[in-house]
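Below: the structure, in structure tokens.
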Amino acid sequence: MQLAAITIALTVLSGVGTGASLDCGGASQWISCPTAENSGDQVDISAGLSRPGSQPANPENSDRPSDPADPADPSPEAPDGAEECGSLGCRGNYEVAGLPEVTLADLASFRPATPELTGEPTGFGVVGMPTNLVGAASEQRLSGTLLGWDVTVRFVPAEFVFSHGDGTSATTTTGGASWDRLAQAQFTPTATSHVYGDRGTYPVSVTVRYAASVDFGTGLWLPVDGFVTATSGDYDVRVVEVRTALVDETCRENPSGPGC
């Protein structure tokens, strides 16, 4: 039996030495190349085989510590929005769950509410001074049937596009707030204010761009590419000029005085 063992061992070793390729590098699945020990009466051959991404058969005896960055054990980062869409990522969940992928055209029957628009001073502005515009829009959730599925569609305000009525516009990520809420004095600039250069009445509007996502009842919000928009009605701003004059008496004291 010892002679047979020696013969088999020598045969294997001979195969290694005479050109039998084990492909111990490159893209091969072999990680550890064969090694031989010869005690004079017996030849021992050992080799290790591991596949990319697999763990050693006996991790306690592994000579190489585990490295999270090792290409053989990839740990890809979760895609953006994984918290919303699950560990597979947004598109991955569409496919794995067998759900239809939703486009903006599919949401034609789901429309967010029209935003509201106000300004300060209410209905007025002063030439050369900031007119504060405030657009109001909030997150909305609508339930219904989509592509044969019972769904909930969520709309979240992402951008506000203010059209000032004088040929200019501005895009912001906020709808703005009143001077009082911002703890600012009247006629101070805000993120949504606009300065008019001439007198006149200007039709102002705001368009809200909503980011849409869909829940098919799985608890995962799957995003829809693009924006769904909703536009307010016109809010007329009458812009006037303010002039001051130095006088000796108040209008009460002299009703016919300048500016009275």
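Nothing in this text is a laboratory measurement; each read-out follows from the coordinates by a stated rule. Just so it is clear, the model here is predicted, and its values are computed rather than measured. For neighbour counting, all protein chains shown are included, and Cβ atoms are generated from backbone atoms with ideal geometry for every residue, glycine included.
Peptides 221-227, 159-165, ordered by how many other C-beta atoms sit within 10 Å of their residues on average, highest first, read 159-165, 221-227. Scanning residues 5 or more positions from Ala230 or on other chains, those with amide H under 5 Å from its amide H are Val208, Tyr210, with H placed 1.01 Å from N in the peptide plane.
Residue-wise HN-Hα couplings along segment 160-173, as the Karplus relation 6.51 cos²θ - 1.76 cosθ + 1.60 with θ = phi - 60° gives them from phi, are 10, 10, 8, 9, 7, x, 10, x, 10, 8, 8, 10, 10, 9 Hz; Gly and Pro carry x. Placing one equal scatterer on every Cα of segment 82-240 and applying the Debye formula, the log10 ratio I(q)/I(0) at q = 0.13, 0.15 Å⁻¹ is -0.67, -0.79. Take the Cα of Arg238, step 7 Å toward its Cβ, do the same at Ala170, and the gap between the two points is 2.4 nm.
Give the residues of segment 105-143 whose amide nitrogen is closer than 20 Å to a point set 7 Å from the Cα of Gln186 in the direction of its Cβ. Flagged as within label range: 118-135. Look at the alpha carbon pairs under 8 Å that are at least 6 residues apart: their mean separation over the length of segment 82-240 gives a relative contact order of 30 percent.
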